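The values are calculated or read from the model by the stated rules, or taken from the named source; none is laboratory data. None of the values given here were measured: they were computed from a predicted structure. Heads up, the Cβs are rebuilt from the backbone with ideal geometry, glycines too, and the neighbour counts pull from every protein chain shown. Heads up: the accessible areas ignore ligands, DNA and RNA and are worked out on the full protein's heavy atoms, side chains in. Shrake-Rupley method; radii C 1.70, N 1.55, O 1.52, S 1.80 Å.
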Amino acid sequence: MAEFNDKVAIVTGGALGMGSITAYEFAKSGASVVVADIDSSAGEQRVARMRDNGLSALFLQTDVSVAADCERAVASAVAEFGGVDVLFNNAGIQPPDSYLNVEDTSEETWDKITGVNLKGHFLMSKYAIPEMRKRGGGMIINNASVQGLQSQPLVPAYAASKGGALSLTRQMALDYAPERIRVLAICPGTIDTEMVRTVASQEGGDIDQTLVRYGAGHPIGRIGQGEDIAALVLFLASDAASFMTGSHVVIDGGLMALGAWAGGAGGSGTDG
C-alpha cells in the first residue's frame, strides 16, 4: 500500500497498544510517523523497530496534557518531515485506582484523566491545524470510546472525557470543513491493550482467560485487537472516506447493539 506516501502522521499514545500498531500501519503505508508518547522507553523501542524495517519514524516524549509538549511535537514533525497531514489523538488513560464515584474521585484524578483524554485532543489539534492548513487540508481522528455514548459504573472522569471528545469532534468538524480539514472520532469497545490487561489482572486468575471471558460477552465472540483499530483509522484518514466528517464510528464487536454492554462484556467496557 502507498496510500499515505508523502504524508506525515502524528500518533499520540503511539508507544503501546492500538496506537503503536496504528503508527506502524501508517508508516507501512508510506507515511512518515511521529510517535508522541509519555513512555520514552517503549516509544524509543517502537520507533527503533520501525526504522529497522525501513520505515520513516520519529519518537518524541510528549505529555499531551501540557501545551508546550504538544506544540513541540507538532513543530518537530514539521522540522523533521515537512508538515502535518494526519493527527490521531489516541492517548488516553484510565488508572486502575480511578474506579470511583463522583464523591470519591479527587480533583487531582479528575484533572489527570480529563487532561490527557480531552485536553490533550484540544491541544494537539490546536497546534496541528495551522500546519494542516498550510498543506491544503488534513485529517484529525479522536479516540473516544463506547463510554462516550453509554457508561459503566464508577468512571465519571473517564466517561466525561470521552463524551467531551465526541462533542469536540463534531464542533471542530464544523469549523474546519471549509478548509478541507476533516475531523472524526472512533468509539472502541474492549480492545486487547496493556490498559485492558491491567484491568483484567485485578480480577485474579489467568489474564488471557479473563480476556476470553470478556470476548464471550460480545456478539462477535471476541474482544478487539489493535489491528482492528488501525484498519479503521487508516480508512478514515484515507481519500476513501473523503465525505466523512463530524461523526463517530463505533468499533465494539456489537456491544452497543447488544445493550447493557458493560455487563455483557464480563464487567469491563474499558477501551485501551
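If you go through the range 229-246 one residue at a time, how many are small (G, A, S) and open to solvent by less than 50 Å² (accessible area, probe 1.4 Å)?
Residues that pass the stated criteria total 5.
Identify, from the list A36, A9, A68, the residue that is among the hydrophobic types (A, V, I, L, M, F, W, C) and in contact with a Ser or Thr (Cβ under 6 Å, 6 or more places away or on another chain). Can you show your working first?
Details: A9 fails: in contact with a Ser or Thr (Cβ under 6 Å, 6 or more places away or on another chain); A68 fails: in contact with a Ser or Thr (Cβ under 6 Å, 6 or more places away or on another chain).
Going through A36, A9, A68 in turn, the sole match is A36.
Given the structure, is A91 touching a Gly at 6+ places or on another chain (Cβ under 6 Å), at pLDDT 95 or above and under 22 Å from L232 (Cα atoms)? Explain how you work it out, then say what you get.
On the way: touching a Gly at 6+ places or on another chain (Cβ under 6 Å): yes; at pLDDT 95 or above: yes; under 22 Å from L232 (Cα atoms): yes.
Against the criterion (touching a Gly at 6+ places or on another chain (Cβ under 6 Å), at pLDDT 95 or above and under 22 Å from L232 (Cα atoms)), A91 qualifies.
For residues that are open to solvent by less than 40 Å² (accessible area, probe 1.4 Å) and within 10 Å of S247 (Cα to Cα), tally how many sit in the range 163-173.
Qualifying residue count, the range 163-173: 3.
Have a look at L100, L118, L87 and point out the one that is touching a Ser or Thr at 6+ places or on another chain (Cβ under 8 Å), closer than 21 Å to N143 by Cα and free of Cβ contacts under 8 Å to residues at least 60 places away in the same chain.
Details: L100 fails: closer than 21 Å to N143 by Cα; L87 fails: free of Cβ contacts under 8 Å to residues at least 60 places away in the same chain.
None of the others qualify; the one that does is L118.
Return the only residue of Y176, Y214 being touching a Ser or Thr at 6+ places or on another chain (Cβ under 6 Å), surrounded by 13 or more Cβ atoms within 10 Å (Cβ to Cβ) and either modelled with pLDDT under 95 or part of a helix (DSSP H, G or I) (or both). Give the derivation first.
On the way: Y176 fails: touching a Ser or Thr at 6+ places or on another chain (Cβ under 6 Å).
None of the others qualify; the one that does is Y214.
Show the residue pairs that are 6+ apart or on different chains and have beta-carbon atoms under 7 Å apart, the first residue being within the range 202-223 and within 14 Å of I191 (Cβ to Cβ), the second being open to solvent by less than 50 Å² (accessible area, probe 1.4 Å) and of a type in the set (V, I, T).
So the pair list comes out as L211/I223; Y214/T190; Y214/I223; G215/I223; I223/T190; I223/I191.
Say whether the condition of being under 14 Å from the mean Cα position of the chain (by Cα) and open to solvent by 60 Å² or more (accessible area, probe 1.4 Å) is met by at least one residue in the range 48-62. Working first, answer last.
Kept after step one, since they are under 14 Å from the mean Cα position of the chain (by Cα), are these residues of the range 48-62: none.
Checked against the condition, which is being under 14 Å from the mean Cα position of the chain (by Cα) and open to solvent by 60 Å² or more (accessible area, probe 1.4 Å), the range 48-62 yields no hits at all.
Of the numbered conditions (1) open to solvent by 60 Å² or more (accessible area, probe 1.4 Å); (2) within 23 Å of T198 (Cα to Cα); (3) not small (G, A, S), N89 fails exactly one; give the number of that condition.
Here N89 clears every test but (1).
Which ones in the range 94-133 are open to solvent by 30 Å² or more (accessible area, probe 1.4 Å), in contact with a helix residue (DSSP H, G or I) (Cβ under 9 Å, 6 or more places away or on another chain), at pLDDT 95 or above and part of a helix (DSSP H, G or I)?
Answer for the range 94-133, where residues must be open to solvent by 30 Å² or more (accessible area, probe 1.4 Å), in contact with a helix residue (DSSP H, G or I) (Cβ under 9 Å, 6 or more places away or on another chain), at pLDDT 95 or above and part of a helix (DSSP H, G or I): T109, W110, D111, K112, L118, K119, F122, K126, Y127, P130, E131, R133.
Quick test of your reading of the structure: T105 fulfils all but one of (1) under 30 Å from P178 (Cβ atoms); (2) out of contact with any Lys or Arg (no Cβ under 8 Å at 6 or more places or on another chain); (3) of a type outside the set (G, A, S). Name the failing condition by number.
It is condition (1) that T105 fails.
Quick check on this structure: which one of V66, V34, V74, V8 is under 21 Å from L123 (Cβ atoms), open to solvent by 10 Å² or more (accessible area, probe 1.4 Å) and either in contact with a Cys (Cβ under 7 Å, 6 or more places away or on another chain) or β-branched (V, I, T) (or both)?
Working: V34 fails: open to solvent by 10 Å² or more (accessible area, probe 1.4 Å); V74 fails: open to solvent by 10 Å² or more (accessible area, probe 1.4 Å); V8 fails: open to solvent by 10 Å² or more (accessible area, probe 1.4 Å).
One residue alone meets the criteria, V66.
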